[in-house]
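Okay, structure first, notes after.
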Amino acid sequence: KAGVTQTPRYLIKTRGQQVTLSCSPISGHRSVSWYQQTPGQGLQFLFEYFSETQRNKGNFPGRFSGRQFSNSRSEMNVSTLELGDSALYLCASSQGQGASPLHFGNGTRLTVT
Amino acid sequence: DAKTTQPTSMDCAEGRAANLPCNHSTISGNEYVYWYRQIHSQGPQYIIHGLKNNETNEMASLIITEDRKSSTLILPHATLRDTAVYYCIVRGFQTGANNLFFGTGTRLTVIP
């Protein structure tokens, strides 16, 4: 079974631009969660989507948004990029019910210059 | 979700068992214990989880104390590829419980 796939693997953007990251979950998984990882703050939860609906949101500004499609694939968007948005963005999928564990992709490393 | 406490770092000789402790003294009855590890520049890898019974899979064993306030992840024969940061997480299974709190984890170094 293929794992969680994130594209692109690396991205360089300039302050003020916007960016869209993509995530393909494990087949059959209906929940997709996004996390931001930085050296200073560690892994922080952004939001979770289940059956195309956002059902949980972390403490990030509105510049961070996401969506999920009917095939469970998900995208996250960051608008008006700031230098502090440089991070590893991780996507995780799960069945979304019960104690089913999250499975993570290898992330997209975003660098904002 | 309850928070966890882990040692910042540990060393283990190659071929020996690595025992990684985790304290979760405020865990509630419906919360599971999960272990993940992260090798540099990769996403966290799921290892194992449990509620109150000991669990074993092809990667590791999880020992949870009877009062559920602490647990130990055991890698039976550590290899150099097990060098990573290991995270212990407690998580309920109610809707919206995918907001995981990772903490700083334990950096395990396997020494040749």
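The values are calculated or read from the model by the stated rules, or taken from the named source; none is laboratory data. As the structure is a prediction and not an experimental result, all values here were calculated from the model. Note: ideal-geometry Cβ built from the backbone for every residue, glycine included; neighbour counts use all protein chains shown.
The table for this structure:
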{"item": "One residue from B:V90, B:V85 being under 21 Å from B:S9 (Cα atoms), modelled with pLDDT of 95 or more, within 14 Å of another protein chain (Cβ to nearest Cβ) and touching a strand residue (DSSP E or B) at 6+ places or on another chain (Cβ under 8 Å)", "result": "B:V85"}
{"item": "Tally, over the range B:86-112, of residues that are crowded, with 19+ Cβ neighbours inside 10 Å and in contact (Cβ under 8 Å) with a residue 12 or more places away in the chain", "result": "13"}
{"item": "Answer from B:T5, B:T65 - the residue that is of a type in the set (V, I, T), in contact with a Cys (Cβ under 8 Å, 6 or more places away or on another chain) and more than 14 Å from every other protein chain (Cβ to nearest Cβ)", "result": "B:T5"}
{"item": "Any hit, the range A:89-103, residues being closer than 18 Å to A:F47 by Cβ, within 8 Å of chain B (Cβ to nearest Cβ), among the hydroxyl-bearing types (S, T, Y) and touching a residue at least 12 places away in the same chain (Cβ under 8 Å)", "result": "yes"}
{"item": "Candidate set from the range B:15-46 (those that are of a type in the set (A, V, I, L, M, F, W, C) and buried (at least 19 other Cβ atoms within 10 Å of the Cβ)); member that is nearest to the chain's Cα centre (by Cα)", "result": "B:W35"}
{"item": "Positions within the range B:55-78 being among the basic types (K, R) and surrounded by 16 or more Cβ atoms within 10 Å (Cβ to Cβ), in sequence order", "result": "B:R68"}
{"item": "Count - residues of the range B:30-62 that are free of Cβ contacts under 8 Å to residues at least 12 places away in the same chain and small (G, A, S)", "result": "2"}
{"item": "Residue identified as away from every other protein chain (no Cβ under 14 Å) and without any contact (Cβ under 8 Å) to a residue 60 or more places away in the chain among A:R73, A:R55", "result": "A:R73"}
{"item": "Enumerated strands (runs of 3 or more DSSP E) restricted to the range A:33-113, each holding at least 2 residues that are crowded, with 17+ Cβ neighbours inside 10 Å", "result": "A:42-50, A:64-68, A:74-78, A:87-94, A:108-112"}
